[in-house]
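Engineer: Sharing a structure with you now.
The values are calculated or read from the model by the stated rules, or taken from the named source; none is laboratory data. Note that the coordinates shown come from a computational prediction; the quantities given were computed from them, not determined experimentally. A quick note on method: Cβ atoms are made from the backbone with ideal geometry, for glycine too, and the neighbour counts reach across all protein chains shown.
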Amino acid sequence: MAELLDGKRIADEILSEVRNDVIGTDDAGRRPPGLAVVLVGGDPASIVYVGLKVKKCAELGFHSERHNLPESTTTAELLALIAKLNADHAIDGILVQLPLPKHIAEQEVLDAIEPHKDVDGFHPINVGLLYLGQEKRALTPCTPSGVIELLERSNIPISGTRTVVIGRSTIVGKPMAALLINRSATVTVCHSRTVDLPAVCREADLLIAAIGKPGYVTDEFIKPGATVIDVGINPVTDPAMAREFFGDDEKRFAAIANRGQTLVGDVHPRLAATVAGRITPVPGGVGPLTIAMLLKNTLKAYRLAM
Ligand code: GUN
């Protein structure tokens, strides 16, 4: 059976380092780092994620602001808020939760965030710095940066390995590939048009799944002993589906009964565990690292601003 990689433990380690640094700024008589989180509309998953981000800020002694805007917000109104936050000296990081409602010009909004406050790493300047290999002065996207921390802090080799990333999104797949190339992995990026995806994936020592399809990556995608990183977070509401993914794990049925759902990643947990060497669980794998990296990025933005 595959070893489980404990993302929650590593996220807590990062958060405790960030917390110590924030205490240090207070001891030195400086203001705390500040994060503004902007949510437009009422997407249920986004409401949960934004709530978790703001709560973690408070726990770590950050200044945080939550801006909830109605679904009907125009691009111009959102740009006006971004301009205000760009000019606000108490704010080091600005995060606009995605996806935005369809009528908003998303790239125009992301382009308007000051690059040194762009804690998501989605601004073209930060994307460019990442591709140039200049990570020290870039802000890099939270989820793939969290995957790198997870690998490095678990002593899993990256340099020289055959790595396959499934998914080419600008939030995960593309920046993941760039971060891995910067660390000398041999990287293949797969997507919906890839021919014979399982065969390509079976070449990987390190397989990273970020496609948003519940349990899609089965044992036939995995080289025996490979490390499998599951970036997916998909709700499962049907107990029969839960049995397919988790066997007789009573906790999963209890979660569906009590909360209406449990979560499965892009990797089929039961089948993958029979082949993989190491695997990240869902929940408790990559998810907690994303939030930890957002706070670490905000601290970095604070330092870059000094
Ligand atoms: N939606 C899903 N993931 C992310 C993320 O990392 N940042 C933002 N802003 N929105 C998201």
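Engineer: Where residues in the stretch 94-111 are assigned to a helix (DSSP H, G or I) and under 16 Å from Val40 (Cα atoms), which of them is farthest from the ligand (Cβ to nearest atom)? Give the steps one after another, and end with the answer.
Structural biologist: In the first step, residues of the stretch 94-111 are kept if they are assigned to a helix (DSSP H, G or I); the result is 106-111.
Now drop any that are not under 16 Å from Val40 (Cα atoms), which leaves 106-110.
Values: Glu106: 10, Gln107: 13, Glu108: 15, Val109: 10, Leu110: 9 Å.
Restricting to residues being assigned to a helix (DSSP H, G or I) and under 16 Å from Val40 (Cα atoms), the top hit is Glu108.
Let's see how each residue does on (1) surrounded by fewer than 19 Cβ atoms within 10 Å (Cβ to Cβ); (2) at pLDDT 95 or above; (3) of a type in the set (Ser, Thr, Tyr):
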| site | (1), (2), (3) |
| --- | --- |
| Val165 | no, yes, no |
| Arg168 | yes, yes, no |
| Gly173 | no, yes, no |
| Thr188 | yes, yes, yes |
| Val195 | yes, yes, no |
| Arg202 | yes, yes, no |
| Ala210 | no, yes, no |
| Lys213 | yes, yes, no |
| Asp230 | no, yes, no |
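Engineer: Continuing with the same structure: How many residues are in contact with a Gly (Cβ under 7 Å, 6 or more places away or on another chain) and either of a type in the set (Lys, Arg) or free of Cβ contacts under 8 Å to residues at least 60 places away in the same chain (or both) if we restrict to the stretch 235-266?
Structural biologist: Within the stretch 235-266, residues that are in contact with a Gly (Cβ under 7 Å, 6 or more places away or on another chain) and either of a type in the set (Lys, Arg) or free of Cβ contacts under 8 Å to residues at least 60 places away in the same chain (or both) number 4.
Engineer: Testing Ala76 on (1) part of a helix (DSSP H, G or I); (2) farther than 23 Å from Asp21 by Cα; (3) touching a helix residue (DSSP H, G or I) at 6+ places or on another chain (Cβ under 7 Å), one condition comes back false. Which one is that?
Structural biologist: (3)
Engineer: Taking the stretch 190-214 as the region of interest, how many residues are more than 21 Å from Leu150 (Cβ to Cβ), assigned to a loop (DSSP other than H, G, I, E, B) and not hydroxyl-bearing (Ser, Thr, Tyr)? Show your work before the answer.
Structural biologist: As a first pass, look at the stretch 190-214 and keep what is more than 21 Å from Leu150 (Cβ to Cβ): 191-200, 202-203, 213-214.
Now narrow it down to the ones that are assigned to a loop (DSSP other than H, G, I, E, B): 191-196, 202-203, 213-214.
This time we only want the ones that are not hydroxyl-bearing (Ser, Thr, Tyr), so: 191, 193, 195-196, 202-203, 213-214.
Residues in the stretch 190-214 being more than 21 Å from Leu150 (Cβ to Cβ), assigned to a loop (DSSP other than H, G, I, E, B) and not hydroxyl-bearing (Ser, Thr, Tyr): 8 in total.
Engineer: Is it fair to say Arg270 is free of Cβ contacts under 8 Å to residues at least 40 places away in the same chain and touching an Asp or Glu at 6+ places or on another chain (Cβ under 8 Å)?
Structural biologist: It is true that Arg270 is free of Cβ contacts under 8 Å to residues at least 40 places away in the same chain and touching an Asp or Glu at 6+ places or on another chain (Cβ under 8 Å).
Engineer: Could you say whether any residue in the stretch 8-29 is more than 30 Å from Val275 (Cα to Cα), more than 13 Å from the ligand (Cβ to nearest atom) and in a loop (DSSP other than H, G, I, E, B)?
Structural biologist: yes
Engineer: Can you tell me which residues in the stretch 274-306 are out of contact with any helix residue (DSSP H, G or I) (no Cβ under 9 Å at 6 or more places or on another chain), modelled with pLDDT of 95 or more and among the hydrophobic types (A, V, I, L, M, F, W, C)?
Structural biologist: Of everything in the stretch 274-306, nothing turns out to be out of contact with any helix residue (DSSP H, G or I) (no Cβ under 9 Å at 6 or more places or on another chain), modelled with pLDDT of 95 or more and among the hydrophobic types (A, V, I, L, M, F, W, C).
Engineer: Being within 14 Å of the ligand (Cβ to nearest atom) and touching a strand residue (DSSP E or B) at 6+ places or on another chain (Cβ under 9 Å), is that true of even one residue in the stretch 146-156?
Structural biologist: Just the residues of the stretch 146-156 that are within 14 Å of the ligand (Cβ to nearest atom), to begin with: 146-147.
Narrowing further to those that are touching a strand residue (DSSP E or B) at 6+ places or on another chain (Cβ under 9 Å): 147.
Scanning the stretch 146-156, I find at least one residue that is within 14 Å of the ligand (Cβ to nearest atom) and touching a strand residue (DSSP E or B) at 6+ places or on another chain (Cβ under 9 Å), so the answer is yes.
Engineer: Under the condition of being of a type in the set (Val, Ile, Thr) and buried (at least 16 other Cβ atoms within 10 Å of the Cβ), which residue from the stretch 39-74 is farthest from the ligand (Cβ to nearest atom)?
Structural biologist: We begin by selecting, within the stretch 39-74, every residue of a type in the set (Val, Ile, Thr); these are 40, 47-48, 50, 54, 73-74.
Pick out the ones that are also buried (at least 16 other Cβ atoms within 10 Å of the Cβ) and you get 40, 50, 54, 73.
On the way: Val40: 11, Val50: 9, Val54: 13, Thr73: 16 Å.
Applying the filter and picking the extreme gives Thr73.
Residues checked against (1) touching a residue at least 12 places away in the same chain (Cβ under 8 Å); (2) β-branched (Val, Ile, Thr); (3) over 25 Å from Val286 (Cβ atoms):
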residue: Pro99; (1), (2), (3): yes, no, no
residue: Ile104; (1), (2), (3): yes, yes, yes
residue: Ala112; (1), (2), (3): yes, no, yes
residue: Val147; (1), (2), (3): yes, yes, no
residue: Leu151; (1), (2), (3): yes, no, no
